[in-house]
Every structure is written in C-alpha cells, then in structure tokens.
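Chemist: Please see the structure below; I have some questions.
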Amino acid sequence: MSKKTDYPWERLLDAEIYPKRPKIRKKVGRPKNPFPRKRLRYSATDDEENMINDLTALFKERIGNKVDRGHVIAFMQSDLRRRLTGKGGKIELPDNITSFVDLAEYLENK
C-alpha cells in the first residue's frame, strides 16, 4: 500500500493545518473553512485536561501554532479507530475486552 493512503485522516488534519490554497483574489472577508468542525462538549478531570493541553502544546511547538486541541483529539480518535479496524475494514473489539484496562492491554500487545 502506498504511503499516501496509509493515514487518510491524519493527512486531512495536515491539510487543515497547512492548507495549499492558490493565491487568487477573492471576496473580502474570512474564507470558508474547507474542513468545517462542530463544537463538542465533554467532561474531563483536571489531570485529563492537563494531558490534552500538554500534548497540544508539544504539537504546536513541533508542527505549528495552528494546531489546537480538536486536532489532537481527532488524531487520537482516528488512530484508535485504525488500531481497532480489522482486515474487513470493520471495527473489531474482541469479546474479552470489558474495561479500559483490557483495552489498554490489548492495544499494547497488538
């Protein structure tokens, strides 16, 4: 499989952070986002919030200031989905996984 198709969701995230737009004069004002996003709400402990903020800061430093928490969360979601997707393209979760500890052990040994 070619490298260009190995990580499609991650490539979309990169395209959002570093858009390749032609320099054409357009209407005045803010351009439409080619990747519209919805604001989601979730609850987190202080430690969980610190973890995501630390990761975001690290990626901003390495990848660029346009990275935000949503990009980090989207990356983690797509990576987890990829790791749980079986050969048929369907998400597979073995029957013996009944907790997040089981999931962590499964992913570590995969």
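The values are calculated or read from the model by the stated rules, or taken from the named source; none is laboratory data. Values in this document were obtained by computation on a predicted structure and should not be read as measured data. Here the Cβ is made from the backbone with ideal geometry for all residues, glycine too, and neighbour counts use every protein chain on show.
Chemist: Select from segment 12-47 the residues that are assigned to a loop (DSSP other than H, G, I, E, B) and surrounded by 10 or more Cβ atoms within 10 Å (Cβ to Cβ) and write down the one among them that is modelled with the highest pLDDT. Walk me through how you get there before you give the answer.
Modeler: Applying the first criterion (assigned to a loop (DSSP other than H, G, I, E, B)) to segment 12-47 yields 18-45.
When the remaining residues are screened for being surrounded by 10 or more Cβ atoms within 10 Å (Cβ to Cβ), the result is 18-19, 34-35, 37, 44.
Working: TYR18: 73, PRO19: 68, PRO34: 73, PHE35: 74, ARG37: 80, ALA44: 94.
Only one residue tops the list, namely ALA44.
Chemist: Could you check segment 57-70 and list, in sequence order, the residues that are surrounded by 17 or more Cβ atoms within 10 Å (Cβ to Cβ) and among the small types (Gly, Ala, Ser)? Let's see the steps before the verdict.
Modeler: Taking segment 57-70 as the starting set, the residues that turn out to be surrounded by 17 or more Cβ atoms within 10 Å (Cβ to Cβ) are 59, 67.
Residues satisfying the conditions do not exist here.
Chemist: Mind listing just one residue for me: the one in segment 71-99 that is closer than 15 Å to ARG11 by Cα and in contact with a Leu (Cβ under 9 Å, 6 or more places away or on another chain) and, of those, surrounded by the most Cβ atoms within 10 Å (Cβ to Cβ)?
Modeler: Per the criteria, the residue is VAL72.
Chemist: Is it true that SER2 is modelled with pLDDT under 95 and of a type in the set (Ser, Thr, Tyr)? Reasoning before the result, please.
Modeler: Working: modelled with pLDDT under 95: yes; of a type in the set (Ser, Thr, Tyr): yes.
So SER2 passes the test.
Chemist: Okay, next question. Return yes when GLY64 is in contact (Cβ under 8 Å) with a residue 12 or more places away in the chain, among the small types (Gly, Ala, Ser) and over 24 Å from ASN109 (Cα atoms) and no when it is not.
Modeler: On the way: in contact (Cβ under 8 Å) with a residue 12 or more places away in the chain: yes; among the small types (Gly, Ala, Ser): yes; over 24 Å from ASN109 (Cα atoms): yes.
When the stated conditions are applied, GLY64 passes them.
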